[in-house]
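Coordinate-derived values only; no laboratory data. What you are looking at is a predicted structure, and each value in this text was computed from that prediction instead of being measured. Here the Cβ is made from the backbone with ideal geometry for all residues, glycine too, and neighbour counts use every protein chain on show.
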Amino acid sequence: MNKYNPKAIEKKWQKYWEKNKVYKKYNRPKKFYALDMFPYPSGAGLHVGHPKGYIATDVTARFKMLQGYSVLHPMGWDAFGLPAENYALKMKMHPRIAVDKNIAVFKKQLEMFGFTYDWDREVSTTDPGYYKWTQWIFLKLFEKGLAYESHEPVNWCPSCKTVLSNEDLEGNECERCGTVVEQRPMRQWVLKMTDYAERLLNDLDKEKLDWEAQIIEQQKNWIGRSEGIDIAYTIKGIDKTITVYTTRPDTNFGATFVVLAPDSNFVAENVDIFPNKEEVKKYIEATSKKTELDRISEGRKKTGVFTGLYAVNNLNGKKMPMYLSDFVLATVGTGAVVGVPGHDTRDFEFAKAMGIDIIRVVVGSDGDVSPIERAEQVQEEEGKMINSDFLNGLDIFDAKEKIKDYIEKKGFGKRKINYKMRDWVFSRQKYWGEPFPLVFCQHCADKIKSGQFKKGEFSQGELLNPGWIGMREKDLPLELPKVKSYETTGTGEGPLAGITKWVNTRCPKCGEKGRRETNTMPQWAGSSWYYLRYIDPKNKKALIDKKKEKDWMPVDLYVGGIEHATRHLLYARFWHKFLFDIKAVSTKEPFKKLIHVGLIQAEDGRKMSKRWGNVINPDDIISQFGADSIRLYEMFMGPFTQSISWSTAGVSGVRKFLEKVWRLQERVTSGKKYKANQKLQNLLHKTIKKVTEDIENFRFNTAVSSMMILVNEMDREEKLRAADYELLAVILSPFAPHMADELWSRLGHKKSIFLEKWPKWNPKLIRDEEIELVVQVNGKLRDRITVAADIAEAEAKTSALASERVQPFLTGKEIRKVIFVPGRLVNIVI
RNA sequence: GCCCAGGUGGCGAAAUCGGCAAACGCACCAGCUUUAGGAGCUGGCGAUCGCAAGAUCAUGUGGGUUCAACUCCCACCCUGGGCACCA
């Protein structure tokens, strides 16, 4: 027998599988779609942390193949976006060239692991044949009125020179470069994601979706649904009302002031009628100069200015002074709040700072009815109403409903559901992204504004955005022009604006002069639907063939980083639901089961990074130990979803295990001549059961350890039955496929092990004849006795009491109770 | 501040319908083998006491429920992640 040489056998089997299409069996009755979050092909290549999720899906994919499923397991590239563009700028090459180079490196690295990827289905978001359909989806969204041009203030990264969506921020910093973003009013395209908020929330149902609770919670919080009421207050002396949104109308008898956001529309439109307009303007000016950072460093210290106007509380006719303060945000609710300082900490702080009255209207469980003077007294979560007219004595939850009914009946308010989630800011002032399939036509704009057009001449989106005309589907894709200067301008228009030949075109509707949109789509666009394209990657007529879509969707298993919980996963669900609405797909949700991959940290406990010089390259590990070892190690190192530090010594441990498996070949003998060892049979079938269940439940670490126990046991035998050793090879094969197939062929099989059947455990063999029964005295272990597995209670108790080791603890004591747990223990209570 | 996940040997961890705490692996120690080894094999490896048999203690802290608690309940501490002046 020659030595275990992974280098030689791994190459050999990778070629064999590819050539014989071993894992491309797509005509079986049951299907399984295993999906990885496709990578961003950066210039740095892979480190050992990246493939962990891919290994897990590959183990699952091979397991499902062995169980007789058709398995779809594709891979592709998410290659548009800022990092690719920045990398290209740095290396002074066109992003296209940089991206192709990086993809080649990534692909070569991935191939060394022996994954079951069907490379015939490879997609890249930057291929015109792919982004044609990204543009098509946008066009459909536009047609349905779900895309609109906006000039509202948005997050602007001064370093990347582009706008960013809320999902692209970490706190108030650019997720890519860490620069603090500014709020700038910019022209941009926005998708009406909030129209889908309710469905995005409701379908996050643990019953329907096999997602980790953690990710469901994160998305729920991000969507941030709240139930409240919009209340309109009349303003004294002028013919206007101010509308506020509140979730606590029950406390409204305690309202003593109103605060407006300095940058709100209401203020912008009415500042000139404020009696104190000079001070107000100064305050607006001062606020606009403050960055987010300044405001955070001020902590919760409240500042503000009185407008000179009073709003009237319609409940009791009380005059409430109207202020401006920067703690009220223009983008939240209506951009104005009603101040109830007795029962809201922020309102309390503001009232203290401005010297406004504080009224108690809720009594908490402590029964305290004294005037509210300290922040700790601010009662928010429970209690009974006082000083509140017809609400007095009610619990706050009942009061809330009663006053909502009252306000609605009186006609000065309306129940409203609010979401924290905002619409999706969808344009970037960058070169390396999908161009928008839109043309601006002044002629059409005039026509729409004048109202002189036929019904059905313009789509919903065209009417919503006068002048913007969608391209015709047959003219897609609109390719990125090849240019020399694709550097960012920073003017607010994208680099494409500089290419006049490309920008100037004809209106697809009327043929008059038009100009193209020069922003591009964000990186998230292409990744919001790629899982559909794998199913039908070369279709030129449709995004996906309807029958194929029905055959494969939904994705059965989706594995990737948790950082996408509120970004990619939200965007993809949103688009999927839209595609469902236009009948392009047949499922309401795209991803049935979702599991996040735990990070692999460097051996020093820090994040693997060039900066710390602690990056481990998978190529090195594979050349030293082999691909099967790194696969097995990453599955063995700990619970899959947990962050764990890398240990190269740990890899050598699993390599030793594989060597042991290899050496066992020598002991294999023909099953007919050699009688099966009952104890080993028992353990073997227990292991089959454990490995099967563990793979299904993503507990790979315990699956591997149970195989180690089996192999240690086999190592004690002088001879092994071929049939037993073969079963070991099959259950090991998803983890260490190269070795498994090599052993399989050495055992005389002509076909790949992956065309075999996954073994079923034999329940008879698993049943133990004899067991160790634990004997406790007052819950403390005193002895173990070997008894028949199905021992009767009375007999077990007698044997336990008779135990020599137990006797000394019983002498002179009264036995009060004896507890018998079948198959486990006897506990003697004295 | 709010939400989520977690806290077990020197390290990664295992055990959760309450029932033998530390499986499996790493590191370490001793011995065998070897010219040698960073190779292989055998044994040891939570703490304290003890020559030993064994005893006692031990799963972040403090209580509670129970014959029995890593597991359930209450309060608190710490770590990681998310959100955050969201009205």
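Observations
- Farthest toward the positive end of the dipole of the range A:500-639, out of A:624, A:582, A:570, is the Cα of A:582, where the dipole comes from beta carbon charges about the Cα centre.
- Residues whose placed amide H lies under 5 Å from that of residue A:77, excluding near-sequence neighbours: A:123, A:124, A:125
- Fraction of beta bridges assigned by DSSP in chain A that are antiparallel (%, nearest 5): 70
- Residue A:645 long-range amide H proximity, modeled H, under 5 Å: A:601
- Cα-based values for the range A:35-106, radius of gyration first and Dmax second, are 15.3, 50 Å.
- For the range A:1-150, the Cβ-based charge dipole about the Cα centre amounts to some 800 debye (Lys, Arg positive; Asp, Glu negative; other atoms uncharged).
- By the count of neighbouring beta-carbon atoms within 10 Å, fewest first, A:157, A:177 end up ordered A:177, A:157.
- Sparsely packed GluC sites (Glu not before Pro) within the range A:703-795, loop by DSSP, other Cβ within 10 Å at most 16: A:717, A:718, A:769
- Between residue A:216 and residue A:769, the contour length at 0.36 nm per residue exceeds the Cα-Cα span by 194.6 nm.
- Estimated FRET transfer efficiency (residue A:120, residue A:8; beta-carbon r; R0 30 Å; 0.05): 0.65
- Length available on full extension from residue A:713 to residue A:778: 0.36 nm per residue minus the Cα-Cα distance, which gives 19.9 nm.
- Table column - 3J(HN,Hα) (Hz), the range A:122-131, Karplus curve with 6.51, -1.76, 1.60, x for Gly and Pro: 3, 10, 10, 5, 8, 6, x, x, 8, 6
- FRET efficiency, residue A:546 to residue A:92 (Cβ-Cβ, R0 41 Å, nearest 0.05): 0.35
- Length released on extending from residue A:143 to residue A:479, taking residue separation times 0.36 nm less the Cα-Cα span: 118.9 nm
- For the range A:1-128, the pair-distance distribution built from all alpha carbon pairs, in bins 10 Å wide starting at 0, is 12, 37, 32, 16, 4, 0 percent.
- Relative contact order computed over the range A:228-333 (Cα-Cα under 8 Å; 6+ residues apart), in percent: 36
- The range A:147-223 shape via C-alpha gyration tensor axes, a/c threshold 1.5: oblate
- Modelled this way, with points 7 Å down the Cα-to-C-beta line, the labels at residue A:392 and residue A:18 are 8.5 nm from one another.
- Cα→Cβ-extended label distance, 7 Å offset, between residue A:278 and residue A:817, nm: 8.5
- Here the scattering of the range A:496-548 is modelled by Debye summation over its C-alpha atoms, one equal scatterer each and no solvent; at q = 0.16, 0.21, 0.25, 0.28 Å⁻¹ the log10 of I(q)/I(0) is -0.75, -0.82, -0.87, -0.97.
- Alpha-carbon Rg/Rh ratio, for chain A, with Rh computed the Kirkwood way: 1.06
- Residue A:601-residue A:353 pseudo-label distance in nm [points 7 Å out on the Cα-to-Cβ vector]: 3.8
- Remark: for residue pairs A:236/A:404; A:31/A:208; A:206/A:764; A:318/A:416, the C-alpha separation exceeds 30 Å in A:206/A:764.
- Nearest-ten-degree value, helix A:627-636 long axis tilted from longest Cα axis of chain A: 70
- Candidates A:827, A:411, A:358 compared by Cα position along the dipole of chain A: farthest toward the positive end lies A:827, with charges placed on Cβ.
- Quick note on the range A:674-830: its Rg to Rh ratio, both from C-alpha atoms and Rh being the Kirkwood radius, is 1.15.
- Links that overshoot a 18 Å alpha carbon limit, given the list A:7/A:607; A:509/A:541; A:161/A:610; A:25/A:757; A:19/A:548: A:7/A:607; A:509/A:541; A:161/A:610; A:19/A:548
- Counting charges near residue A:210 (Lys, Arg +1; Asp, Glu -1) among other residues having Cβ under 12 Å from its Cβ returns a value of -2.
- The angle separating the long axis of helix A:737-746 from the principal Cα axis of greatest extent in chain A is about 20 degrees.
- J(HN,Hα) series, the range A:592-598, from Karplus relation 6.51 cos²θ - 1.76 cosθ + 1.60, nearest Hz, glycine and proline x: 5, 10, 10, 10, 9, 8, x
- Modelled FRET efficiency - R0 22 Å, residue A:373 with residue A:332, Cβ distances, 0.05 increments: 0.20
- Cα principal axis extents for the range A:83-196, largest first, Å: 48, 35, 26
- Converting phi to 3J(HN,Hα) with the Karplus coefficients 6.51, -1.76 and 1.60 and the offset θ = phi - 60°, the range A:645-659 yields 6, 5, 9, 5, 4, x, 5, 5, x, 6, 4, 4, 4, 5, 4 Hz in sequence order, with x at every glycine or proline.
- Amide H contacts under 5 Å for residue A:67, placed H, 5+ residues apart: A:758
- The angle between the Cα long axis of helix A:722-732 and the main principal axis of chain A comes to about 10°, on a 0 to 90 degree scale.
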